[in-house]
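The values are calculated or read from the model by the stated rules, or taken from the named source; none is laboratory data. Remember, it's a predicted structure, so these values are computed and weren't measured experimentally. Because the Cβ atoms are built from the backbone with ideal geometry, glycine has one as well, and the counts that use them run over all protein chains shown.
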Amino acid sequence: MLDNYSRNINYLRLSITDRCNLRCFYCLPRQGWVKLPAREILSYEEMLRLSRVAVQVGIRKIRVTGGEPLVRRGVAPFLEQLHRIRGLEKICLTTNGVLLAEMAADLYRIGLRHINVSLDTLKPERYVEITGSDQLAVVLAGLEKAAALGFHPIKINFVVLRGINEDEVVDFALFSRENPFQVRFIEFMPTVSREKWSSHFLPMSVVRQRLKVLGEPQPVARIATAGPAQIVRLPNYRGELGFIQAVSEHHCPSCNRLRLTADGRLRPCLFQAQEVDLKGPLRWGAGDEELGLIFRKAVALKGLGHRFASPATPLDCRPMVSIGG
């Protein structure tokens, strides 16, 4: 699907739940957040139908997200059905890794190969500070299990937080030297109060500068359904490094994504409040053609850029756990 700026929108991020077993401060408010009622969350059958319609109108890649997708019962059979959709070229899963070790074998058996694991520190006490839970050892065991089974690519999403984990930038890069992981450094986006965001935001230019001690990176070719990361490889590294600078040098001109929330709303942009209702028409009996037109409407609403780096721009966004990231 081409949008108004000739971008090919071929990537859908599909949130299957707003529940999570961690409480990362930039994603899930530790106070004042209300879970969606179960009846408001799309069933797997509804998600599969919408996924088929999405493929009919041009989506070629679906990333399953949450919340934490692995906490929803029946996720493996759902992913197995998703793999059977004709025309869908790539299926990925983003997880915090807490349940990965116990579920990795089932996920691999049903055909999943591409996983992203959110991990913002390699220090146990700091992991508790960021997530509210002492699960680092379990997550690292999950990464080891996934690598041993043959998952590829395995991407690690590291949100760089000034004053919290910025001292681990080099450590995370070295993690990809010894392991076949793609470590992706992500700028902290304004998912919290503007004051907290400003105090912890670190531009990607600083991260790149700190990594110069490791050698000269070589760029890796980008594929058509790829997300926003700029990928490089360092000499003699088993893995790769990625950089996502959504604030300081936003990737909006090449954005190829839509987001479908767990309660059935299409978001053309992560940081614009505009949403298009799919659940209502779906449950009222809309046909595939009508649902396809709603996908096209959402594509037509995609703007060319965001303005959330400006202090004058108010935050206008549901919590990340309610959107799907």
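Restricted to helices (runs of 4 or more DSSP H) entirely inside segment 111-182, those with at least 3 residues that are in contact with a helix residue (DSSP H, G or I) (Cβ under 9 Å, 6 or more places away or on another chain) and either modelled with pLDDT under 95 or under 16 Å from residue 240 (Cβ atoms) (or both) are 169-178.
Looking only at residues of segment 251-264 that are under 13 Å from residue 229 (Cβ atoms) and not hydrophobic (A, V, I, L, M, F, W, C), we find that the one that is surrounded by the fewest Cβ atoms within 10 Å (Cβ to Cβ) is 254. Of the residues 128, 138, 117, the single one that is among the aliphatic types (A, V, I, L, M), touching a residue at least 24 places away in the same chain (Cβ under 8 Å) and surrounded by fewer than 18 Cβ atoms within 10 Å (Cβ to Cβ) is 138. Within segment 44-91, the set of residues being surrounded by 16 or more Cβ atoms within 10 Å (Cβ to Cβ) and assigned to a loop (DSSP other than H, G, I, E, B) comprises 57, 58, 59, 60, 66, 67, 68, 72, 85, 88. Taken over segment 62-94, the criterion of being out of contact with any Gly (no Cβ under 8 Å at 6 or more places or on another chain) and among the polar types (S, T, N, Q) is satisfied by 81 alone.
Screening segment 1-43 for residues that are part of a loop (DSSP other than H, G, I, E, B) and hydroxyl-bearing (Ser, Thr, Tyr) and picking the one that is modelled with the lowest pLDDT gives 26. Would you pick out the residues in segment 191-215 that are within 22 Å of the chain's Cα centre (by Cα), farther than 30 Å from residue 60 by Cβ and part of a loop (DSSP other than H, G, I, E, B)? Once the filter is applied, which keeps residues that are within 22 Å of the chain's Cα centre (by Cα), farther than 30 Å from residue 60 by Cβ and part of a loop (DSSP other than H, G, I, E, B), segment 191-215 yields 192, 193, 201, 202, 203. Restricted to segment 216-325, the set of helices (runs of 4 or more DSSP H) holding at least 1 residues that are hydroxyl-bearing (Ser, Thr, Tyr) and modelled with pLDDT under 95 comprises 320-323.
The number of residues in segment 212-230 being under 18 Å from residue 175 (Cβ atoms) and crowded, with 19+ Cβ neighbours inside 10 Å comes to 2. Against the condition among the aromatic types (Phe, Trp, Tyr), under 24 Å from residue 66 (Cα atoms) and touching a residue at least 60 places away in the same chain (Cβ under 8 Å), how does residue 271 come out, does it pass? In short, yes. Within the set of pairs 6 or more residues apart or between chains, which connect a residue that is buried (at least 19 other Cβ atoms within 10 Å of the Cβ) inside segment 190-211 to a residue that is of a type in the set (Val, Ile, Thr) and not in a helix (DSSP H, G or I) with Cβ atoms less than 6 Å apart? Taking only residues 6 or more apart or on different chains, the pairs are 202/160; 207/160.
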